[in-house]
Amino acid sequence: MEKALEAYLGKVEKHLRPLSAPERADIVKEIQSEMEELLAEGKTAEDVTARLGKPDELAKAYLSDLITKNPSFSWKRVLALCAYYSVAGLSGLFVIPVLLVCAPSFMLCGIAAPVLGAVKMVDTLLHLGIPGVQYIGIAGVGNPVLVFALCIVFGAVLFLAGYACWRLLVGYVKGVSRVGTGLSQ
């Protein structure tokens, strides 16, 4: 393969650094295969790179696909978002970090709230005297059963807020990626 195309692949791989090595290798192999097909059709290296677009835009398109193909939350996808953030535009400098922090934070707090409410209820009802439990409460409510019920409600609200932030983030990435490039041009 020509040096210009190898350099192009190197630039794409550089923008994919936050991904795992196997994921990067798969993407680079796919792009290399596309390049070889275009060269077999008689295209020059310049034609191939023009068709694929800028390396950072191509990497952004692949990262977007990794993020948006499945809207569920996973830490692997958080890493893909970090990689996407490195090639996203100016609006991404604010939107991506805010939503990327809010989504898992709200989800974790949504899980922790009912657990802490349960600890408070068990401690109070069984008189265990667990240190620090006296600080668990909601707006001065003294009844441990009511505190637990409110913790469940607030936990559900927080978890849903985190999930909504995640969905907004995925939607943002989809929206920004519509202006990016891809192999299907």
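The values are calculated or read from the model by the stated rules, or taken from the named source; none is laboratory data. Only a predicted model underlies this, so the values are computations on that prediction, with no experimental measurement involved. A quick note on method: Cβ atoms are made from the backbone with ideal geometry, for glycine too, and the neighbour counts reach across all protein chains shown. These accessible areas exclude ligands, DNA and RNA; they are computed on the full protein's heavy atoms, side chains included. Shrake-Rupley method; radii C 1.70, N 1.55, O 1.52, S 1.80 Å.
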Q.
What FRET efficiency comes out for I152 versus E30 if R0 is 41 angstrom and r is the Cβ-Cβ distance? Round to the nearest 0.05.
A. 0.35
**Q.** E2-V98 FRET efficiency (beta carbon distance; Förster radius 30 Å; 0.05 resolution)
**A.** 0.10
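What size of dipole, in debye to the nearest 20, comes out for region 1-67 about its Cα centre when the only charges are +1 on Lys and Arg C-beta atoms and -1 on Asp and Glu C-beta atoms? Don't skip to the end; give the middle numbers.
Values: 10 positive and 15 negative charges, 69 e Å.
I would put it at about 340 debye.
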Q. Extension gain A112-L128, at 0.36 nm per residue separation less the Cα-Cα distance, in nm?
A. 3.7 nm
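Given 37 °C and 0.692 mPa s, how large is the Stokes-Einstein diffusion coefficient of region 97-138 in µm²/s, with Rh as the Kirkwood radius over Cα pairs? Numbers along the way, then the final one.
Numbers: Rh = 11.6 Å.
Here the translational diffusion coefficient equals 283 µm²/s.
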Q. How large is ³J(HN,Hα), in whole Hz, for each residue of region 124-135 in order, when computed from phi with the Karplus curve 6.51 cos²θ - 1.76 cosθ + 1.60 and θ = phi - 60°, using x for Gly and Pro?
A. 5, 5, 9, 6, 7, x, 5, x, x, 5, 5, 8
Q. To the nearest Å, what is the center-to-center distance of region 1-72 and region 123-170, using C-alpha atoms only?
A. 47 Å
Q. Within the accessible area of region 101-156, what % is carbon and sulfur when the probe is 1.4 Å and the other protein chains stay in place?
A. 79 percent
Q. What's the FRET efficiency of V141 with S105 using the Cβ-Cβ distance as r and R₀ = 30 Å, to the nearest 0.05?
A. 0.80
**Q.** Cα gyration tensor category, rounded, prolate or oblate, for region 1-49 with a/c compared to 1.5
**A.** prolate
